[in-house]
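**Student:** Take this structure, written in structure tokens, and hold onto it; I'll ask about it next.
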Amino acid sequence: MDDALAKKLRVLADAAKYDASCASSGAPKRKAGKDGLGSTTGAGICHAYTPDGRCVSLLKILLTNYCLFDCVYCVNRRSSNVQRARFSVDEVVTLTVEFYKRNYIEGLFLSSGIIRSPDYTMEQMTLVAKKLRREHGFRGYIHLKSIPEASPWLIEEAGLYADRLSINIELPTEESLTQLAPEKSGATIQHAMGQIGERIIEAKAEKRRFSPAGQSTQVIVGADATDDSAMIAKSSFLYSAFGLKRVYYSAFSPIPDASSALPPQAPPLKREHRLYQADWMIRYYQFSAQEVADATDGGMLALDVDPKLAWALKNRHLFPVDVNRADREMLLRVPGLGTRAVDAILKARRHTTLRLDDVGRLTSGLKRARSFLIAEDFRPNAMSERLDLRARLAEPAQQLSLF
């Protein structure tokens, strides 16, 4: 790689680090023929190429960090004085192919600042994917960041070559967009999401290819005054209205020469983590957005306990539940029990009556679960379990068990 291309790569890989929505789960399994290269396994890929040369799974870059827009929160905004660079279409194609051959990557995540016009930018990104597929027989994963202001037919073409398309909603409310990104429109973004969602449904029905891994989006957390309950309500709406695969939450990061309209400090990283946990409650645990909101304190998720535990503590009248008799929906609401553990409990209790030790063998979250469960040989002491229970269960943030 020559020095000029290496310099561009350092700049544009670093500029892409703020976009979190690069997981590839849901892509169809496929393998290249003898004259092609690349494959997808259907498993998630969420790593990226880093400027220091570490081995990664996705080449995650911007086509360019030049941008016509002047979004206040964006380090690549028009008025920013950051170092600029731009790849040609062929340079991105060459990097992807050569990195794949060296076993550095399994796919490409490509986004871009807006240059010339939204249509021109979308056309250039689509051309990268088109050349990889047609000229190089590339069968690896490709994720394109769609531009909502681009013509529908350009996004339609992009979906023919990309495994996943995504459009960032950026901020959760129209008011925030008006204040911090006045050149963007929430209505335009959601209209584009709707078009992609309709094409995905149509393609599945007609058994043809169009963004087979679906679409996703990303929202910035902490750049505006939106609280967590409103953030989750927005995500719930996006899931139901547009069939999104994922909503990614990205904690606001202070940028150089920032506007006074932005907060001076980043939000706690635990806030981003709690939002993901609340998001999983809706997607995997059958909670509604309103139930998640009920677990907040003044609209904000607690930082000392996860939102599922916070909800249980606020609904102590529903607990403890009998592990040998409760239905799946109620067992899913028990802190410490993930979907895999609940399914294992339901299967095991067909053949035996479960004791507390049996539950402990089926989940690693028994410490949290035991205060909310009844087993054949165990019932929590009502008074002792109510006293200082939150303090005893509070611990550093950890992922909810999904499966």
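The values are calculated or read from the model by the stated rules, or taken from the named source; none is laboratory data. Keep in mind it's a predicted model, so treat the numbers as computed, not measured. Every residue, glycine among them, receives a Cβ derived from its backbone with ideal geometry; neighbour counts consider all protein chains shown. For accessibility, only protein heavy atoms count, side chains too; no ligands or nucleic acids. Shrake-Rupley method; radii C 1.70, N 1.55, O 1.52, S 1.80 Å.
**Student:** If you take the square roots of the eigenvalues of the alpha-carbon gyration tensor of segment 307-393 and sort them as a ≥ b ≥ c, do you get rounded (a/c under 1.5), prolate (a/b over b/c) or oblate?
**Tutor:** Prolate, because a/c is 1.5 or more and a/b exceeds b/c.
**Student:** Order these peptides, 190-196, 322-328, by their mean beta-carbon neighbour count within 10 angstrom, highest first.
**Tutor:** The most tightly packed comes first, giving 190-196, 322-328.
**Student:** Report the Cα centroid-to-centroid distance between segment 243-271 and segment 298-342 in angstrom, as an integer.
**Tutor:** One Cα centre to the other: 29 Å.
**Student:** Can you give me the Kirkwood hydrodynamic radius for the chain, using every pair of distinct Cα atoms, in Å to one decimal? Could you put the intermediate results ahead of the total?
**Tutor:** Values: mean 1/r = 0.0435 Å⁻¹.
Kirkwood radius, the chain: 23.0 Å.
**Student:** Which residue, LEU9, THR353, ALA205, has the largest displacement toward the positive end of the dipole of the chain when charges sit on each Cβ (Lys, Arg +1; Asp, Glu -1)?
**Tutor:** After comparing all options, I get THR353.
**Student:** I would also like to ask the following. Pull out a ≥ b ≥ c, the square roots of the eigenvalues of the alpha-carbon gyration tensor of segment 199-286, then state rounded if a/c is under 1.5, prolate if not and a/b is larger than b/c, and oblate in the remaining case. Could the numbers behind the result be given before it?
**Tutor:** Details: a/c = 3.03, a/b = 1.90, b/c = 1.60.
Verdict is prolate for segment 199-286.
**Student:** May I pose another question? What ranking do 210-217, 132-139 get when scored by the average of other Cβ atoms within 10 Å per residue, highest first?
**Tutor:** Most protected by this proxy first, the peptides run 210-217, 132-139.
**Student:** Would you look at the GNM of the chain, springs on alpha carbons closer than 10 Å, and say which of GLU170, GLU123, GLU272 moves the most?
**Tutor:** Evaluated over the chain, the most mobile residue of the options is GLU123.
**Student:** Going by the alpha-carbon gyration tensor, a ≥ b ≥ c the square roots of its eigenvalues, is segment 74-210 rounded (a/c under 1.5) or, if a/c is not under 1.5, prolate (a/b greater than b/c) versus oblate?
**Tutor:** Note, shape of segment 74-210 comes out oblate.
**Student:** How many percent of the accessible area of the chain is carbon or sulfur, using a 1.4 Å probe?
**Tutor:** Numbers: 9170 of 18180 Å².
Of the solvent-accessible surface of the chain, carbon and sulfur hold 50 percent.
**Student:** Now, a different point. So for segment 240-298, taking the charge dipole from beta-carbon charges (+1 Lys/Arg, -1 Asp/Glu), which of PRO267, TYR248, GLY298 sits furthest toward the positive end?
**Tutor:** With unit charges placed on the Cβ atoms, the residue in question is TYR248.
**Student:** Might you work out the accessible area of ARG77 for me, using a 1.4 Å probe with all protein chains in place, and round it to the nearest 10 Å²?
**Tutor:** 20 Å²
**Student:** Would you work out the relative contact order for segment 307-393, in percent, from Cα pairs under 8 angstrom that are 6 or more residues apart?
**Tutor:** Taking the mean separation of contacting Cα pairs over the length of segment 307-393, I get 32 percent.
**Student:** Can you compute the charge dipole magnitude of the chain about its Cα centre, using +1 on each Lys and Arg Cβ and -1 on each Asp and Glu Cβ, nothing else charged? Give it in debye, rounded to the nearest 20.
**Tutor:** 1440 debye
**Student:** Tell me which lysines have Cα within less than 24 Å of LYS367's Cα, excluding those fewer than 8 residues away on the same chain?
**Tutor:** Here the lysines satisfying the reach criterion relative to LYS367 are LYS270, LYS308, LYS314, LYS347.
**Student:** Before I look further, what does the chain give for accessible area per residue, probe 1.4 Å, in whole square angstrom?
**Tutor:** Details: 18180 Å² over 403 residues.
Averaged over the residues of the chain, the accessible area is 45 Å².
**Student:** Which percentage, to the nearest 5, of the DSSP beta bridges contained in the chain is antiparallel?
**Tutor:** Antiparallel bridges: around 15 percent, rounded to the nearest 5.
**Student:** Once the dipole of segment 307-393 is set up with Lys and Arg at +1 and Asp and Glu at -1 on Cβ about the Cα centre, which of ILE374, PHE319, LEU393 lies farthest towards its positive end?
**Tutor:** The one lying farthest along the dipole's positive direction is LEU393.
**Student:** Something else about it: To make sure I understand the rule: partners must be aspartates and glutamates, Cα under 17 Å from the Cα of LYS101, and not fewer than 8 residues away in the same chain. Which ones qualify?
**Tutor:** Partners within reach: ASP35, ASP90, GLU91, GLU135.
**Student:** Under the Karplus relation 6.51 cos²θ - 1.76 cosθ + 1.60, θ = phi - 60°, what is the ordered set of whole-Hz ³J(HN,Hα) values for segment 248-261, x standing for Gly and Pro?
**Tutor:** With coefficients 6.51, -1.76 and 1.60, one gets 9, 10, 10, 4, 4, 10, x, 10, x, 6, 6, 5, 5, 6 Hz.
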